[in-house]
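Below is one structure; the comments refer to it alone.
The values are calculated or read from the model by the stated rules, or taken from the named source; none is laboratory data. Keep in mind it's a predicted model, so treat the numbers as computed, not measured. FYI the Cβ positions are ideal-geometry reconstructions off the backbone, even for glycines, and counts take in every protein chain you see.
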């Protein structure tokens, strides 16, 4: 087990190790895994100052999270992580509420359809339909950011590309947390960080990619937004941990976006793990959200 400079991360790894299955154990059904991540996200409830309202956007299930301090024209359009196979409003409600409250923004969390029941491009199509619906509500894209973690980070980029290609207004920025943008799952960090990433394993992420893509082309830009034409996208803030196997996804995305003349801020957090802002018990989670929401407020005014 690696030695962590952050004792809170060390404690989290110990907790994950206690729950880990043996490598040769049967894989739990998707229903069980979905219930697990939902319970993890709900361990800390959202602030009482946030009103949570279930809704649909373009036929897609969603939630509106409205903090009491939200400014009328400030919006976060949030796409959750979970490898396109798990996660949703229930798992990400608290993290998004924390972000929305600090950014003084109303958030819309999109509960896109999950694989393997709904394979590619279901999540991509749902995200774009929901963005059209948010625009139809009258939310100002100039005061809106897309945000997402892991698969939702990659989906945020792909949704922005699709909106650009469809002639739709783009948001003022893209906030990406540990984005998964290359579903071939082959980059230097997979080997370099295999011993320290206790959230993602090669076996696990390959299973997610198979669940979402099936026999589809994993380099399709709608799935692997690293390979998309990124020209004309709004500024990006990418936050990634130094100890995760998706580190190369972030560094390669930053380079690709930079080559396309996109304004990119890449923040590699030392000693941090995959989507650490999700884990409210980590002090670094609060610091990362403070950093990202300051960037969001600067982008949307």
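Of all residues being in a strand (DSSP E or B) and within 12 Å of the chain's Cα centre (by Cα) in the range 67-89, which is nearest to residue 158 (Cα to Cα)? Just the residue, please.
Step by step, filter the range 67-89, then rank; the result is 79.
Kindly list, by first and then second residue, each pair from a residue in the range 208-220 that is closer than 17 Å to residue 162 by Cβ to a residue that is modelled with pLDDT under 95 and outside any helix (DSSP H, G or I), limited to pairs with Cβ atoms under 7 Å and residues at least 6 apart or on different chains.
none
So which of 42, 17, 90, 62 ends up being surrounded by fewer than 15 Cβ atoms within 10 Å (Cβ to Cβ), touching a helix residue (DSSP H, G or I) at 6+ places or on another chain (Cβ under 7 Å) and touching a residue at least 24 places away in the same chain (Cβ under 8 Å)?
42
Which of the residues that make up the range 20-39 are surrounded by 10 or more Cβ atoms within 10 Å (Cβ to Cβ) and outside any loop (DSSP other than H, G, I, E, B)?
Those that are surrounded by 10 or more Cβ atoms within 10 Å (Cβ to Cβ) and outside any loop (DSSP other than H, G, I, E, B): 30, 32, 33, 34, 35, 36, 37, 38, 39.
Only residues in the range 289-301 that are farther than 20 Å from residue 277 by Cα count as the first member; pair them with residues that are in a helix (DSSP H, G or I), Cβ under 7 angstrom, at least 6 apart or cross-chain, and list the lot.
Final answer for the pair search is 300/143; 301/143.
Given the residues 189, 163, 122, which is the only one that is free of Cβ contacts under 8 Å to residues at least 24 places away in the same chain, on the phi < 0 side of the Ramachandran plot, surrounded by 16 or more Cβ atoms within 10 Å (Cβ to Cβ) and out of contact with any strand residue (DSSP E or B) (no Cβ under 6 Å at 6 or more places or on another chain)?
122
Can you name the residue in the range 125-151 that is in contact with a helix residue (DSSP H, G or I) (Cβ under 6 Å, 6 or more places away or on another chain) and in a strand (DSSP E or B) and is also surrounded by the fewest Cβ atoms within 10 Å (Cβ to Cβ) among such residues?
Filtering first and then ranking leaves 148.
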